[in-house]
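The values are calculated or read from the model by the stated rules, or taken from the named source; none is laboratory data. Values in this document were obtained by computation on a predicted structure and should not be read as measured data. Here the Cβ positions follow ideal geometry from the backbone for every residue, glycine too, while neighbour counts run over all protein chains shown. The protein model used for the area step is the full one, side chains on, heavy atoms only, and it has no ligands, DNA or RNA in it. Shrake-Rupley method; radii C 1.70, N 1.55, O 1.52, S 1.80 Å.
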Amino acid sequence: MMEVRQNRTDRVFFRYQEEFEQAALQVLRSGNYILGNEVNQFEQEFAAFVGTDYAVSLASGLDALWIAFRILGIGAGDEVIVQGNTYIAIDPDRIEEKISPDTKAVLVVHLYGMPCEMNRITSLCRRYGLKLIEDCAQSHGACYEGRMTGSFGDIGCFSFYPSKHLGGFGDGGAIVTSDPGLAQQVRIFRNYGSDKRYYNKVVGANSRLDELQAALLRVKLRHIRTLTSERQEAAMRYLRGITSQWHQFVVRCKKRDRLASYLKEKGIDTLIHYPVPPHLSEAYRYLNLKKGDLPVTEQFAREVLSLPVYNGMTRAEQDYVTAAVNAFS
Ligand SMILES: *Cc1c(COP(=O)(O)O)cnc(C)c1O
C-alpha cells in the first residue's frame with residue numbers, strides 16, 4: 001500500500017534545498033532579521049508578480065484581512081458582503097440584492113484557486129461605491145482574463161502559510177494594492193503605527209514578516225511558475241485519469257441557457273444532459289414525485305451543459321471553445 005498524505009510541504013523544500021539553505025544562512029549571518037533587504041526585495045518581486053504597484057508583507061493572511069478592513073475604515077455597524085464559504089464563486093446577481101445603505105465593502109474569496117467573476121464584481125463595486133477586498137490566500141498565481149487575482153480590488157490579501165501555493169516555512173501574509181496611500185498605511189500599521197522609530201502616528205500592531213521568511217519566500221517565488229504548472233498538470237492528470245473516459249464534458253452554469261445561446265452565436269454546439277430529470281418526466285408521473293422533491297437533481301438539470309468533446313477534435317477547435325467559455329459573463 002502506498003501512503004499518500006494530503007500535502008507534503010517538505011517535497012518542494014528538498015527539491016530546492018540548496019537554494020533555501022543558502023538563503024536562510026545568508027540571513028542568519030547578516031545579523032539583520034527584521035524589515036531589511038530581504039523583506040524589501042520580496043515585496044517588490046511579489047508586487048511585480050501579482051501586477052500591483054505595492055506589496056506589504058505581514059505576519060499572516062488573517063492579519064492581511066483585518067488590517068485591510070481597518071485601513072479601509074470598515075468597522076462596527078458596517079456591512080460587508082461575503083460569499084458562503086462553500087461556494088467556489090460569489091454570484092454577482094446575489095451581491096446586488098444584498099446591498100443596503102450600510103454596505104461598505106465586498107470581500108471575495110478565490111476559493112481553491114478558482115477566480116471569482118471579477119469583471120462583473122468590480123463593475124458592481126464601482127457602481128455602488130463599495131470597496132473591494134480579494135482574499136487570495138488560496139489563489140497565488142491564479143488569473144482571471146489574463147490578470148492575476150489580487151490586482152482587481154482596492155486590496156488583495158495573501159497568506160504564505162506553509163500549505164498555501166506560495167507557502168513559507170512558518171506564518172506570513174501580505175497586502176497588495178496599487179494605491180500608494182493604502183500601501184503606506186499598511187506599512188505604518190504593521191510596525192506599531194510607526195514609519196520612523198519611536199515616532200508613532202497611529203495605534204498599530206506588530207505584524208511584520210521576518211527577514212528569514214522573506215528570503216525563503218523569494219526562493220519559492222523564483223520557481224512559482226514551474227510550481228503552478230506542476231499543480232495544473234497534477235489536476236489534469238486527475239481529470240484525465242479518474243474513472244471517466246469523458247463521454248461528455250459537462251460544465252455547470254447558473255446562466256446555463258444564456259451560456260448555451262451565447263456559444264451557439266459563436267458557432268459552438270452544446271447539449272443538455274439532461275434537461276428533465278427522470279422523476280419529473282411523464283413516464284414516471286406515477287411515482288407522484290413533484291418539483292422540489294429532489295432539489296439537487298433539479299438544480300443540475302437547470303445548470304448542466306455539455307461542451308463538445310469527441311475524438312478527432314482539433315486543438316484549435318478546443319482552444320476556440322475554451323476561449324469562448326472563458327469570455328462568457
Ligand atoms: C489560509 C487562509 C486564510 C488565513 O491565512 P493565515 O495565513 O493562515 O492567517 C484566509 N483566507 C483563506 C481563504 C485561506 O485559505
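Ranked by the mean number of other Cβ atoms within 10 Å of their residues, highest first, the peptides 109-118, 291-300 fall in the order 109-118, 291-300. Taking the 1.4 Å solvent-accessible surface of the stretch 1-160 as the whole, the part contributed by carbon and sulfur is 50%.
Once the Cα atoms are used to define both axes, helix 180-190 deviates from the longest principal axis of the chain by about 70 degrees. When the chymotrypsin sites (Phe, Trp or Tyr not before Pro) in the stretch 171-207 are filtered for DSSP coil states and for at most 14 other beta-carbon atoms within 10 Å of their beta-carbon, the remaining sites are Y198. 3J(HN,Hα) along the stretch 191-200: 10, 6, x, 10, 9, 9, 3, 6, 10, 9 Hz, from the Karplus curve 6.51 cos²θ - 1.76 cosθ + 1.60 with θ = phi - 60°, whole Hz, x for Gly and Pro. Dividing the convex hull volume of the alpha-carbon atoms in the stretch 104-185 by its residue count gives 92 Å³ per residue.
From the square roots a ≥ b ≥ c of the eigenvalues of the alpha-carbon gyration tensor of the stretch 218-329, which class results: rounded (a/c under 1.5), prolate (a/b over b/c), or oblate? Prolate, because a/c is 1.5 or more and a/b exceeds b/c. The residues neighbouring F160, those whose beta-carbon lies less than 15 Å from its own, together hold a net charge of -2 under the Lys/Arg +1, Asp/Glu -1 convention.
For trypsin sites (Lys or Arg not before Pro), the sites in the stretch 1-104 that DSSP calls loop and that have at most 10 other Cβ atoms within 10 Å are R5. With the largest listed first and rounded to whole Å, the semi-axes of the equivalent ellipsoid of the stretch 1-79 from the Cα gyration tensor are 31, 23, 13.
Over the C-alpha atoms of the chain, the Rg to Rh ratio, Rh being the Kirkwood estimate, stands at 1.04.
Each listed q (0.13 Å⁻¹) maps to a log10 I(q)/I(0) for the stretch 272-328, found by the Debye formula over equal Cα scatterers with no solvent: -0.51. Per residue, the solvent-accessible area of the chain (1.4 Å probe, heavy atoms of protein chains only, all protein chains present) comes to 59 Å². Taking a ≥ b ≥ c as the square roots of the Cα gyration tensor eigenvalues, with a/c under 1.5 meaning rounded and otherwise prolate when a/b beats b/c, else oblate, which class fits the stretch 72-210? Verdict is oblate for the stretch 72-210. Pairs of Cα atoms nearer than 8 Å and 6+ residues apart set the relative contact order; for the chain it is 17 percent. Legend: residue pairs K164/K201; K255/K290; K98/K201; K98/K266; K104/K220, Cα-Cα distance threshold 28 Å; pairs beyond threshold, K164/K201; K98/K201; K98/K266; K104/K220.
When only Cα pairs below 8 angstrom with a gap of at least 6 residues are kept, the stretch 188-329 shows a relative contact order of 21 percent.
Placing unit charges on each Cβ (+1 for Lys and Arg, -1 for Asp and Glu) gives the chain a dipole about its Cα centre, and among G36, L307, Q185 the Cα reaching farthest toward its positive end belongs to L307. Over the stretch 1-115, Cα pairs under 8 Å with separation of 6+ residues give a relative contact order of 17 percent. Its DSSP H runs of at least 4 residues, each contributing -39,500 (n - 2.57), put the calculated 222 nm mean residue ellipticity of the chain at -12500 deg cm²/dmol, to the nearest 500. For the stretch 106-205, the set of trypsin sites (Lys or Arg not before Pro) satisfying both a DSSP loop assignment and a count of at most 15 other C-beta atoms within 10 Å is given as R197, K201. Distances between placed amide hydrogens fall under 5 Å for L166 paired with H140, all partners being 5 or more residues away or on another chain.
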